[in-house]
Amino acid sequence: MKLKSRRELPEARIEIIPMIDVMLFLLVFFMLSSLSLARLNGLPVDLPSAQSAGAQSSTPPTLTVRRDGAFFLGKTAVKRENLGAVLRPFAGQTLLINADENAKHGFVVAAMDAARSAGIERFSIATSAR
């Protein structure tokens, strides 16, 4: 009588297809999450549109001017009287002015005047591309 031999176990294999799926998911997740973090240096305002709007190569200091005349450096509120003193450490750099479309012209001019008195000579005006 012949006894049945033990069942031979199949050779163990490493399946890499699920690992590829997980890595692709992680890649897409990190790409999308990094795109959503691209503009954290200013407050949201309604930007005017311009045909020549382009992307900045580096992130300059951002001065936000809201429609009610409030000034923000990054996300920190700054009083109009203290604007020159707050901008003084950025002398020689380009200042990005992120002004609301409905902000009064005088508020933007006051911000630029304070920046010039602080030693900032170059300005970029943020616009939205349509």
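The values are calculated or read from the model by the stated rules, or taken from the named source; none is laboratory data. The structure presented is a predicted model; accordingly, all values stated were derived computationally and were not measured. When we count neighbours, we look across all protein chains shown, and the Cβ atoms used for this are built from the backbone with ideal geometry, even at glycine.
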Among the residues listed as THR76, THR62, the single one being surrounded by 13 or more Cβ atoms within 10 Å (Cβ to Cβ) and among the polar types (S, T, N, Q): THR62
Search result, residues across the stretch 104-125 that are surrounded by 17 or more Cβ atoms within 10 Å (Cβ to Cβ), farther than 12 Å from PRO61 by Cα and either β-branched (Val, Ile, Thr) or modelled with pLDDT under 90 (or both): VAL108
Of all residues in the stretch 88-130 being under 20 Å from the mean Cα position of the chain (by Cα) and aliphatic (A, V, I, L, M), the one that is farthest from ALA50 (Cα to Cα): LEU95
Inter-residue pairs, beta-carbon under 9 Å, first modelled with pLDDT of 75 or more and in the stretch 32-44, second hydrophobic (A, V, I, L, M, F, W, C), 6+ apart: none
Near pairs, Cβ below 8 angstrom, 6+ apart or cross-chain, from the stretch 76-101 (without any contact (Cβ under 8 Å) to a residue 24 or more places away in the chain and on the phi > 0 side of the Ramachandran plot) to any residue that is part of a helix (DSSP H, G or I) and buried (at least 18 other Cβ atoms within 10 Å of the Cβ): none
Boolean, ALA85 is at pLDDT 90 or above, over 23 Å from the mean Cα position of the chain (by Cα), of a type in the set (Gly, Ala, Ser) and surrounded by fewer than 16 Cβ atoms within 10 Å (Cβ to Cβ): yes
Hits in the stretch 62-77 - residues which are farther than 16 Å from VAL109 by Cβ, modelled with pLDDT of 90 or more and within 16 Å of the chain's Cα centre (by Cα): THR62, PHE72, LEU73, THR76
